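**Q** Below is a structure I'd like to ask you about.
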Amino acid sequence: MDNEIYNDLNKILENQKSFFKKEGPPDLALRADRLNRLKDLIIENRYKIVDALNEDFGVRSKSASMASDVYTIIPAINHAIKNLKKWTKRVNRKTNFPFNLTGGKSYIEYEPLGSVGMISPWNFPIYLTFAPLASIFAAGNQVIHKPSELTPLCAQLMKDICDKNFDEHEFATVLGGPEVGSVFTTLNFDHLLYTGSGRVGKMVMASAAQNLVPVTLELGGKSPVIIGNGFDVKIAAKRVMFGKTLNAGQICLAPDYVFVKPEVQETFIEGCKEAINEFFPDLLNNNDYTSIINKNHYDRLNHLLDDARNKGAKIIELKPSDENFINQEHHKIPPTLVLNVNLDMDIMHQEIFGPLLPIVNYNELSEITNHINSQDKPLGLYYFGTDKNEQNYLLKRTSSGGVTVNNVIGHLQQTDLPFGGVGPSGEGRYDAFEGFKNFSNERTYYKDISERFDGLLAGIRPPYKGNIEKLLKSIAK
Ligand code: NAD
């Protein structure tokens, strides 16, 4: 481990910890002030944010960025400000008999954890920093953030605007790649939030475990879509393709692959083509169509396609203007349908994280549940249909971090729903009350009966006399 990096990072953490010990937990006014400063800095710097995203990606739709990395964050912050008082209220609980009759009191208070380390990825660098921050700040914590090195302009911009608006003991940013990241995970934080791949997530969890630092892991996976009975297939295709082409599919919750009945496959494909024709009449010079983040990811996606093609898949590129993607300035890949897939293909095992959409045929619902359950539990699961029995069958026999019915990704946008994965797609939540709780210590309190009733406790103290079981039975009813 690099000692110099460790010492630099640890100094920031130690300063935050001493500040917290000296000042105590921030009151509600200070928490609201931090959240308001966060909201203001996002709005004030929105044009810089969308420009930095565009430059880091090569091409990143500025309109989509304005939605995903600016305005989508605001409701989460507003929700936190509005609910601060309610969320932080003491929660009274029942006290056991007979202590409830003699003044015993039980309750929970939510207290801040202290300093939270936050490692964020490149795909939505702003959203995936500032949206969780709403929960972390609401809970009264301080933060040290390490953004992704793959979006350096966004990382520098976040550092500049946050340094200007927050003291280092409130929110500090450290820049660097995996070498800084791996040292970061050895720090004795009060909590560590990691958003990124499961591969790195395993290292983060192992490293945090050395100090028993609790972790929240926001990971990814293969989120399936099921086109079931009763929903218009072309409208379903349009909604899927919107989700699949948003950020060119570089979304943790992107619809990864689709289950379609053979008899509606042609209609589904037709619907996908019509959707792309409508969204992107051309792709290469269209600033609304986002490029792949870098050459490594571009090559990775092309390898997935080559591997599928070599193993018998049929590839349909959706290119309304039939452009040639061979020589291009950026790393764009057209929306691509992959048919005749099988489990020997890498594309059916690896998270795609790009605009490629495998289509899997099914006849029986059990084929779907068997397939999904043979893989890691996904972050999202999407069912289109109006058949309640079918929906119940599929949702009760599978698991995922979240579900959207009749669309994709939608559950993430619901301010009052927490967001997170399950098992290999993640653990812990942010957003809504559960997000606040995730970054709080649910401290339990019991205030015992007054000395006046001390005699009540005598029965459970030595020396034991008589039939103690009779007493225990009367208490345990
Ligand atoms: P990544 O794991 O490569 O990198 C994420 C962050 O981890 C970066 O800041 C990186 O510098 C840091 N890092 C890299 N090596 C590290 C190490 N050894 N120790 C500590 N930190 C290290 O992930 P990525 O490629 O940036 O993101 C893509 C993945 O993230 C996909 O799997 C996607 O599904 C997932 N993701 C999940 C969510 C979610 O909210 N659940 C959101 C976005 C992305």
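None of the figures in this text is laboratory data; all of them are computed from the coordinates on show. Keep in mind it's a predicted model, so treat the numbers as computed, not measured. Here the Cβ is made from the backbone with ideal geometry for all residues, glycine too, and neighbour counts use every protein chain on show.
**Q** Take the conditions buried (at least 17 other Cβ atoms within 10 Å of the Cβ), within 19 Å of the chain's Cα centre (by Cα) and either more than 10 Å from the ligand (Cβ to nearest atom) or within 23 Å of T336 (Cα to Cα) (or both) and apply them to L192. Does it pass?
**A** Details: buried (at least 17 other Cβ atoms within 10 Å of the Cβ): yes; within 19 Å of the chain's Cα centre (by Cα): yes; either more than 10 Å from the ligand (Cβ to nearest atom) or within 23 Å of T336 (Cα to Cα) (or both): no.
Answer is no for this residue.
**Q** Looking only at residues that are within 9 Å of the ligand (Cβ to nearest atom) and of a type in the set (V, I, T) in region 175-189, which one is surrounded by the fewest Cβ atoms within 10 Å (Cβ to Cβ)?
**A** As a first pass, look at region 175-189 and keep what is within 9 Å of the ligand (Cβ to nearest atom): 176-185.
The next check asks that each one be of a type in the set (V, I, T); those that pass are 180, 183, 185.
On the way: V180: 17, V183: 23, T185: 24.
Checking each candidate, the answer is V180.
**Q** On to the next question. Please go through region 420-441 and give me each residue that is basic (K, R) and more than 15 Å from the ligand (Cβ to nearest atom), ordered by number. Give the derivation first.
**A** Let us first name the residues in region 420-441 that are basic (K, R), namely 429, 437.
The one that is basic (K, R) and more than 15 Å from the ligand (Cβ to nearest atom): K437.
**Q** Continuing with this model, one more query. With the requirement that a residue be assigned to a loop (DSSP other than H, G, I, E, B) and within 32 Å of the chain's Cα centre (by Cα), what does region 326-341 give you?
**A** Quick first cut of region 326-341, residues assigned to a loop (DSSP other than H, G, I, E, B) only: 326-335, 340-341.
Correct list: E329, H330, H331, K332, I333, P334, P335, N340, V341.
**Q** Now for a separate question. Answer yes or no as to whether I372 is over 28 Å from E109 (Cβ atoms) and part of a loop (DSSP other than H, G, I, E, B). I'd like the intermediate steps shown before the answer.
**A** Working: over 28 Å from E109 (Cβ atoms): yes; part of a loop (DSSP other than H, G, I, E, B): no.
Taking the combined requirement at face value, the residue does not satisfy it.
**Q** Same structure, new question: What residue, among those in region 430-473 that are assigned to a strand (DSSP E or B) and among the polar types (S, T, N, Q), is nearest to the chain's Cα centre (by Cα)?
**A** Pass one, region 430-473, residues assigned to a strand (DSSP E or B): 430, 440-447.
With among the polar types (S, T, N, Q) added as a condition, the list becomes 440-441, 444.
Numbers: S440: 18, N441: 21, T444: 28 Å.
Only one residue tops the list, namely S440.
**Q** Oh, and also: Where in region 47-150 are the strands (runs of 3 or more DSSP E), entirely inside, with at least 1 residues that are within 26 Å of Y194 (Cβ to Cβ)? Even if it seems obvious, please write down each step before you answer.
**A** On the way: elements: 91-93, 105-112, 115-119, 142-146.
So the answer is 105-112, 115-119, 142-146.
**Q** Restricting to region 314-367, and then to whatever is out of contact with any Pro (no Cβ under 7 Å at 6 or more places or on another chain) and of a type in the set (S, T, Y), can you tell me which residue is surrounded by the fewest Cβ atoms within 10 Å (Cβ to Cβ)?
**A** S366
**Q** Is there a residue in region 223-238 that is part of a loop (DSSP other than H, G, I, E, B) and either farther than 30 Å from E270 by Cα or within 16 Å of the ligand (Cβ to nearest atom) (or both)? Lay out the reasoning, then the answer.
**A** Initial filter on region 223-238 (part of a loop (DSSP other than H, G, I, E, B)): 228-232.
If we keep only those that are either farther than 30 Å from E270 by Cα or within 16 Å of the ligand (Cβ to nearest atom) (or both) as well, we get none.
No, region 223-238 has no match at all.
**Q** Now, a different point. Just for region 195-216: of the residues that are surrounded by fewer than 18 Cβ atoms within 10 Å (Cβ to Cβ) and of a type in the set (S, T, N, Q), which one is nearest to the ligand (Cβ to nearest atom)?
**A** So, considering only residues that are surrounded by fewer than 18 Cβ atoms within 10 Å (Cβ to Cβ) and of a type in the set (S, T, N, Q), the one nearest to the ligand (Cβ to nearest atom) is S197.
**Q** If you don't mind, there's one more thing I want to ask. Would you say A254 is touching a residue at least 40 places away in the same chain (Cβ under 8 Å), on the phi > 0 side of the Ramachandran plot and crowded, with 23+ Cβ neighbours inside 10 Å?
**A** On the way: touching a residue at least 40 places away in the same chain (Cβ under 8 Å): yes; on the phi > 0 side of the Ramachandran plot: no; crowded, with 23+ Cβ neighbours inside 10 Å: yes.
For A254, the condition - touching a residue at least 40 places away in the same chain (Cβ under 8 Å), on the phi > 0 side of the Ramachandran plot and crowded, with 23+ Cβ neighbours inside 10 Å - is not met.
**Q** Still on this structure, please answer the following. Need the failing condition index for N247 against (1) assigned to a loop (DSSP other than H, G, I, E, B); (2) farther than 22 Å from I368 by Cβ; (3) in contact (Cβ under 8 Å) with a residue 12 or more places away in the chain, just the number.
**A** Status for N247: all satisfied but (1).
**Q** Further, regarding this structure: For the list (1) within 16 Å of the ligand (Cβ to nearest atom); (2) closer than 30 Å to L471 by Cβ, I need the number of the one condition that Y107 fails.
**A** Failed condition: (1).
**Q** Could you tell me which residue of region 61-97 is nearest to Y47 (Cα to Cα), considering only residues that are among the β-branched types (V, I, T) and over 22 Å from the mean Cα position of the chain (by Cα)? I'd like the intermediate steps shown before the answer.
**A** First, pick out the residues of region 61-97 that are among the β-branched types (V, I, T): 70, 72-74, 77, 81, 88, 91, 95.
Now restrict to residues that are over 22 Å from the mean Cα position of the chain (by Cα): 88, 91, 95.
Values: T88: 35, V91: 42, T95: 54 Å.
Here the answer is T88.
**Q** If D454 satisfies every condition in (1) touching a residue at least 24 places away in the same chain (Cβ under 8 Å); (2) more than 16 Å from the ligand (Cβ to nearest atom) but one, which is the exception?
**A** (1)
**Q** Now, a different point. Is it true that F384 is within 30 Å of N83 (Cα to Cα), among the hydrophobic types (A, V, I, L, M, F, W, C) and away from the ligand (no atom under 16 Å from the Cβ)? Show your work before the answer.
**A** On the way: within 30 Å of N83 (Cα to Cα): no; among the hydrophobic types (A, V, I, L, M, F, W, C): yes; away from the ligand (no atom under 16 Å from the Cβ): yes.
In short, no.
**Q** Checking P121 against (1) crowded, with 24+ Cβ neighbours inside 10 Å; (2) under 30 Å from Q250 (Cα atoms): exactly one of these is not met. Which one?
**A** For P121, the exception is condition (1).
**Q** Need the failing condition index for G402 against (1) under 14 Å from the mean Cα position of the chain (by Cα); (2) closer than 13 Å to K222 by Cβ, just the number.
**A** (2)
**Q** Scan region 163-174 and tell me whether some residue there is part of a loop (DSSP other than H, G, I, E, B), over 21 Å from the mean Cα position of the chain (by Cα) and within 8 Å of the ligand (Cβ to nearest atom).
**A** Checking region 163-174: not a single residue is part of a loop (DSSP other than H, G, I, E, B), over 21 Å from the mean Cα position of the chain (by Cα) and within 8 Å of the ligand (Cβ to nearest atom).
**Q** Let me ask something additional. Limited to region 375-399, what total is found for residues that are under 16 Å from the mean Cα position of the chain (by Cα) and in a strand (DSSP E or B)?
**A** Number of matching residues: 2.
**Q** With the checklist (1) assigned to a loop (DSSP other than H, G, I, E, B); (2) within 15 Å of the ligand (Cβ to nearest atom); (3) of a type in the set (S, T, N, Q) in hand, flag the one item T404 doesn't pass.
**A** (1)
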